[in-house]
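Take a look at the structure set out below.
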Amino acid sequence: MNRRKFLQGAGALGGLMIVKPSVAFSYAANSTVQYALLGCGKRGTSVATSFAKNTQARIVALGDIFPDQLAKGKQHFDEINASLGFPAIDDKMTFHGWEAYKALAANPNVDAVQISTPPFFHVEHMDALTAGGKHVYCEKPVGVDIPQTRRALEIAKRVGNKVSVSVGFQIRSAPPFVEVVKRIHDGQIGKIASLSGHYNAPTATYPERGSMPQDEQRLRNWLWDKTLSGDILLEQNIHVIDVCNWVMQAHPVKATARASRKVLQNFGNINDNYEVIFTYPNGAEFSAPRSSTPPGTSM
Ligand SMILES: NC(=O)c1ccc[n+]([C@@H]2O[C@H](COP(=O)([O-])OP(=O)(O)OC[C@H]3O[C@@H](n4cnc5c(N)ncnc54)[C@H](O)[C@@H]3O)[C@@H](O)[C@H]2O)c1
């Protein structure tokens with residue numbers, strides 16, 4: 001797969017292409033995409049491995065705030081590179097600490113960066129990386145609140161057609177969903193009066209972290225932290241809301257919501273149950289999942 005196909009693939013994975021892949025067509029065909037992963041955790045490692053195995057992307061650089069996570073990532077991707085006939089990642093291309101994203105943004109040997117850090121950091125990282133001329137694949141959610149989301153839209157305007165930016169709404173590319181939504185749009189179930197979306201999460205397994213400073217606890221357990229994750233409605237269920245927006249071909253104009261924390265006893269401050277009713281412009285209503293299950297693995 002050449003750069004053109006890689007970027008088309010990234011767009012398909014992302015569902016939301018802020019900038020079209022054609023922006024990068026000036027790259028030489030069939031050349032390798034020098035790919036970096038920022039945030040060497042569960043999702044980042046899995047998606048970057050998939051890019052390495054299935055596209056022309058080659059993992060040449062890594063960044064993470066924690067040295068242990070970076071070391072785990074390096075070991076994993078050195079093995080992946082070896083299995084594909086590529087050299088190990090140069091130690092000079094691994095960066096740890098708060099400013100790892102700046103080092104990737106400034107690195108001339110990186111073409112594209114996958115942002116797989118906790119949601120709170122996405123927009124800051126996207127801003128710096130696109131300003132550094134990098135193509136970006138960013139995990140959902142793009143931001144945790146309205147100011148961050150507005151900033152992402154400003155970034156989209158600023159980058160124009162200079163680089164390609166995708167956000168990880170992979171469900172829009174999943175064949176069963178594509179077919180169902182196509183049939184709905186073709187009118188096969190008639191006019192929609194209301195939708196109800198559900199997301200079933202496994203029971204939470206809260207990791208034992210021993211004693212560590214509170215900030216590190218928060219960062220390593222970001223999913224349970226409202227500020228870092230955006231809370232469960234956003235972090236876990238954004239895919240469900242995205243599907244409803246896709247089906248309705250619109251965004252809600254009104255939302256009525258309640259939430260509370262009744263079950264979770266552990267570290268963190270996220271809610272464990274909530275309900276939201278969104279009103280769409282054509283009058284249809286969507287009930288967001290009435291979750292009473294604490295989130296497990298992040299979706
Ligand atoms: N699309 C999907 O279906 C899907 C599935 C799972 C997770 N996700 C998303 O992927 C992202 C990552 O989730 P995860 O489950 O891999 O989390 P994780 O905790 O396993 O990994 C996050 C990594 O980022 C690192 N990190 C934290 N703060 C950082 C910073 N400021 N700079 C650099 N590195 C930093 C951590 O050390 C860790 O290695 C989240 O946005 C999550 O919502 C998406």
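The values are calculated or read from the model by the stated rules, or taken from the named source; none is laboratory data. Keep in mind it's a predicted model, so treat the numbers as computed, not measured. Here the Cβ is made from the backbone with ideal geometry for all residues, glycine too, and neighbour counts use every protein chain on show.
Observations on the model:
- Test: residue in the stretch 222-242 that is assigned to a strand (DSSP E or B) and among the aliphatic types (A, V, I, L, M): no
- Test: residue in the stretch 79-97 that is among the basic types (Lys, Arg), in contact with a Ser or Thr (Cβ under 9 Å, 6 or more places away or on another chain) and not in a loop (DSSP other than H, G, I, E, B): no
- Failed item in (1) away from the ligand (no atom under 13 Å from the Cβ); (2) farther than 27 Å from residue 274 by Cα, with residue 200 passing the rest: (2)
- Pairs where the first residue, in the stretch 29-52, is more than 6 Å from the ligand (Cβ to nearest atom) and the second is assigned to a strand (DSSP E or B) and of a type in the set (Lys, Arg), C-beta under 8 Å, 6+ apart: 32/58; 33/58; 34/58; 35/58; 52/58
- For beta carbons closer than 8 Å, sequence separation of 6+ or different chains, a first residue in the stretch 224-235 that is farther than 18 Å from residue 199 by Cα and in the same structural domain as residue 198 (by TED's automatic domain parsing) and a second that is within 11 Å of the ligand (Cβ to nearest atom) and of a type outside the set (A, V, I, L, M), the qualifying pairs are 225/218; 227/120; 228/118; 228/119; 228/120; 228/218; 228/222.
- Only one entry of 218, 183 meets the criterion of being at pLDDT 90 or above, within 11 Å of the ligand (Cβ to nearest atom) and more than 17 Å from the chain's Cα centre (by Cα), and that entry is 218.
- Test: residue 161 is of a type outside the set (Asp, Glu) and under 19 Å from residue 58 (Cβ atoms): no
- Which listed residue is surrounded by 10 or more Cβ atoms within 10 Å (Cβ to Cβ) and modelled with pLDDT of 90 or more, from 194, 229: 229
- Odd one out for residue 160 among (1) away from the ligand (no atom under 16 Å from the Cβ); (2) modelled with pLDDT of 95 or more: (2)
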